[in-house]
Amino acid sequence: MPTPAPIVGTPPVSRRALWTAVGGAAAAALVVGGTLGGLIGASSGNARPAASAPTVTVKAPAPQFKPTIPVAPDPVCAEWGPIADSYAAKQKEWSTKSGDPNLPSSSWNDEQRSLNKTFISIVQDQIADLRRLADKAQDPFLAGLLRAQATYEEAYILRLPNYQPSDRPLWQAAYDFSGAVRAACTTVQPR
């Protein structure tokens, strides 16, 4: 049986082309309908702000971080060491004379208020240095420790003018992160 000849004047249409045409027509209809609906709604005096699209939160997997013991200190440690020692010396008077950490700021005398005001200024400079060093650190673990110390110090000094004993753990955490930075800068893999 012979194959029927195609009808002259109409090329054969593939399924893909057919669905592409249908999809294009549907998209055009939506655009035209949306535009007309917007114009009609705006001209009828019933203009209402469009509802915002719902927020979609996508949970990304937590980054996998595997700290390692370096074979040599991060180059930033050479700069960090003297800076850390300098800030420790500048904070020594505050740490010895600022008073009982179990007393709120409302119980401070004038000398304690002055010491805390000076301390805030010193720690603001220290925070800037910690963040600068974190940006230069090659070891991401060390960079994270430097940023964490800066974050806890900043939280503490923001609360210090209205200090309550419950704020003390912020400074303890900052101090502990400082010890972790020191350990990361001085500890290397054994040979």
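No value in this document is a laboratory result; all are computed from the given coordinates. It should be emphasised that the depicted structure is a prediction, and the values quoted were computed from it without experimental measurement. Virtual Cβ from ideal backbone geometry, glycine too; neighbours counted across all protein chains shown.
Annotations
- Summarising the amide proton neighbourhood of TYR163: residues at separation of 5 or more, or on other chains, whose placed amide H is nearer than 5 Å comprise SER105.
- Excluding same-chain neighbours fewer than eight residues apart, the lysines reachable from LYS90 by a Cα-Cα span under 18 Å are LYS117.
- By other beta-carbon atoms within 10 Å, ranking VAL58, VAL181, VAL76 with the fewest at the front produces VAL58, VAL76, VAL181.
- Environment charge of GLN124, counting only residues whose C-beta is closer than 15 Å and scoring Lys/Arg +1, Asp/Glu -1: +1
- When you count the other C-beta atoms within 10 angstrom of each residue and take the mean per peptide, 160-171, 94-105, 119-130 line up highest first as 119-130, 160-171, 94-105.
- Summing charges over all other residues whose Cβ lies under 11 Å from the Cβ of LEU145, with Lys and Arg as +1 and Asp and Glu as -1, gives -1.
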